[in-house]
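K.L.:
I'd like to ask some things about the structure below.
Derivation of every value follows stated rules applied to the coordinates shown; laboratory data play no part. Being a predicted model, the structure only gives us computed values, none of them experimental. Note: ideal-geometry Cβ built from the backbone for every residue, glycine included; neighbour counts use all protein chains shown.
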Amino acid sequence: METDIVSNIMNIRQRMAAAAERSGRNPADIQLMAVSKTVPPERIREALDAGITWFGENYVQEAREKIPVIGQNASWHMIGHLQTNKVKYVVHLFHWIHSVDRLELAKELDKRAAQNQRTLKVLIEVNVSGEASKNGMEPSQVLEFVRQTSVLPNLSVQGLMTMPPYSDNPEDARPFFIALCRLRDEIASENIPGVQMKELSMGMTDDFEVAIEEGATIIRVGRAIFGERHYQ
Ligand SMILES: *Cc1c(COP(=O)(O)O)cnc(C)c1O
């Protein structure tokens, strides 16, 4: 049976609202992003028709093929690891980059954004678990990195992103979400000019409710919307 995207989205919105209520938060403060890697444009359009406006993609080549087909009515978010030499191909396609984790990448994004006369919203990807296989910056380096990024005129720092280690128990992710939230608050208290330290991009299909309880403002949900992914 084909996945029913409309009812999946309704179900997720109910679970988001319940998680927000449990933690005394306003559901309107949490953005649902649909992660559409491997999902063909016609399925993405179904999600658009069902009211989703934020989409996340991981792979440069796939994004270059799909985003122009759907167009810029949606807000496009790069959530995958981004090689510096690929920035020139994607900077005009995305509105936000969630995976900024090194100065070389930030500088290239700033340069290419300037050439395209646009400002990119960026999140700093943090490796809160310290797991060697994960992308992202060490927590102790993030404050200094935010200061360095804050002076790049065509980037606008909005907050932090993380991806905890894989586990089949969503509770295992909670300490990492708590850690990211604390780090965001610490950096926000520095009041760095030009920096908005408001957003926390955390939580996916298996753990978005825990992430909302711990302060997520953007959740990135793929399989719960589109069904299992089919890689080619
Ligand atoms: C694929 C991916 C997601 C979505 O994962 P699901 O488990 O399908 O919800 C979220 N964030 C990142 C960075 C991803 O690569």
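K.L.:
Taking the alpha-carbon set of the stretch 180-222, what are its Rg and Dmax in Å?
P.N.:
When restricted to Cα atoms, the stretch 180-222 yields Rg and Dmax of 11.7, 36 Å.
K.L.:
Treat each spin label as a single point 7 Å out from the Cα along the C-beta direction, and report the K88 to N169 distance in nm.
P.N.:
4.9
K.L.:
What pairs in K37/K134; K86/K198; K66/K121; K86/K121; K86/K134 have C-alpha atoms more than 23 Å from each other?
P.N.:
K86/K198
K.L.:
Right, something else. Give me the one-decimal Kirkwood hydrodynamic radius in Å for the stretch 4-226, with the sum taken over alpha-carbon pairs.
P.N.:
Taking the inverse mean of 1/r over all distinct Cα pairs, the stretch 4-226 comes out at 17.6 Å.
K.L.:
Can you give me the Rg/Rh ratio for the stretch 134-232, using Cα atoms for both radii and the Kirkwood formula for Rh?
P.N.:
1.02
K.L.:
Convert each backbone phi in the stretch 100-117 into a coupling constant with the Karplus relation 6.51 cos²θ - 1.76 cosθ + 1.60 (shift: θ = phi - 60°), then list the ³J(HN,Hα) values in order as whole Hz, x for Gly and Pro.
P.N.:
Once θ is set to phi - 60°, the couplings for the stretch 100-117 become 7, 9, 7, 5, 4, 5, 4, 5, 5, 4, 5, 4, 6, 5, 4, 4, 8, 6 Hz.
K.L.:
Work out the charge dipole of the chain with +1 on the Cβ of Lys and Arg and -1 on the Cβ of Asp and Glu about the Cα centre, then indicate which of T84, S167, I178 is farthest towards its positive end.
P.N.:
So the residue we want is T84.
K.L.:
Same structure again: Long-range amide H contacts for Q31: which residues qualify at under 5 Å (H placed 1.01 Å from N, peptide plane, sequence gap of 5 or more or a different chain)?
P.N.:
Under 5 Å from the amide H of Q31: I218, I219.
K.L.:
So what is the relative contact order for the stretch 4-226, in percent, with contacts set as C-alpha pairs under 8 Å and at least six apart?
P.N.:
Rounded, it is 21 percent for the stretch 4-226.
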